[in-house]
Amino acid sequence: MAPAVLGLIITLGIAAFANGRLRATRTKLRGLPNAKGQVVGHRKHERGTGPAPTRYAPVVEFADADGRPVRGESGNFTKSLGPEVGTTVTVLYDPSDPSDPARIHVAGRDTGEMERFFFGASLVLVGIAVAGLIGTLLTS
């Protein structure tokens, strides 16, 4: 029974962590305007040594709400290049400084999709752990 309880505790912790990250991302993005943009390149960032020292952020061009052209990069670096150059993407941005990397978010990449995946996967694992715990209790 102890392994089932431990598994349940671990998966509940993962679910709580993923849910917290998802809520923080949604709060950060709430109310930001969005625009259609195009990926025009990727910025490479080296972060020391290790299994994945190279990270990338997409560089996008879009027009803000006033129609002014904006070129900027996402402030979120990932191991993969992400959308290919020429891909049309939805860009969420802060109208007070639309080119600030900390304020540009590429939908589908910086908007919580990974957190949703981990939250969903952890819920599946919670279900398996609960089933295992119930099975253990019924056979004891």
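The values are calculated or read from the model by the stated rules, or taken from the named source; none is laboratory data. For clarity, every value in this text was computed on a predicted model and none was experimentally measured. Please note: Cβ atoms are built from the backbone with ideal geometry, for glycine as well, and neighbour counts cover all protein chains shown. Side chains included, ligands, DNA and RNA excluded: accessible areas come from the protein's heavy atoms. Shrake-Rupley method; radii C 1.70, N 1.55, O 1.52, S 1.80 Å.
Brief remarks follow.
- Sole residue being of a type outside the set (S, T, N, Q) and crowded, with 17+ Cβ neighbours inside 10 Å, chosen from 130, 85, 126: 126
- Subset of segment 34-55 (residues that are at negative phi, open to solvent by 40 Å² or more (accessible area, probe 1.4 Å) and either modelled with pLDDT under 80 or assigned to a loop (DSSP other than H, G, I, E, B) (or both)): 47, 49, 51
- In segment 120-140, the residues that are small (Gly, Ala, Ser) and in a helix (DSSP H, G or I): 120, 121, 122, 127, 129, 131, 132, 135
- Any hit, segment 13-33, residues being more than 19 Å from the chain's Cα centre (by Cα) and either among the aliphatic types (A, V, I, L, M) or part of a loop (DSSP other than H, G, I, E, B) (or both): no
- Selection status of residue 7, open to solvent by less than 80 Å² (accessible area, probe 1.4 Å) and free of Cβ contacts under 8 Å to residues at least 60 places away in the same chain: no
Yes or no, residue by residue, for (1) free of Cβ contacts under 8 Å to residues at least 60 places away in the same chain; (2) part of a loop (DSSP other than H, G, I, E, B); (3) more than 14 Å from residue 35 (Cβ to Cβ):
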{"position": "71", "(1), (2), (3)": "yes, no, no"}
{"position": "81", "(1), (2), (3)": "yes, yes, yes"}
{"position": "91", "(1), (2), (3)": "yes, no, no"}
{"position": "99", "(1), (2), (3)": "yes, yes, no"}
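- Taking segment 56-69 as the range and being within 15 Å of residue 32 (Cβ to Cβ) and assigned to a loop (DSSP other than H, G, I, E, B) as the test, the residues that pass are 64, 65.
- Segment 88-118, residues that are open to solvent by 60 Å² or more (accessible area, probe 1.4 Å) and under 28 Å from residue 14 (Cβ atoms): 102, 113, 114, 116, 117, 118
- Close pairs (6 angstrom Cβ cut-off, 6 or more residues apart or separate chains): farther than 21 Å from residue 77 by Cβ and among the β-branched types (Val, Ile, Thr) in segment 26-43, in a loop (DSSP other than H, G, I, E, B) and open to solvent by 20 Å² or more (accessible area, probe 1.4 Å) anywhere: none
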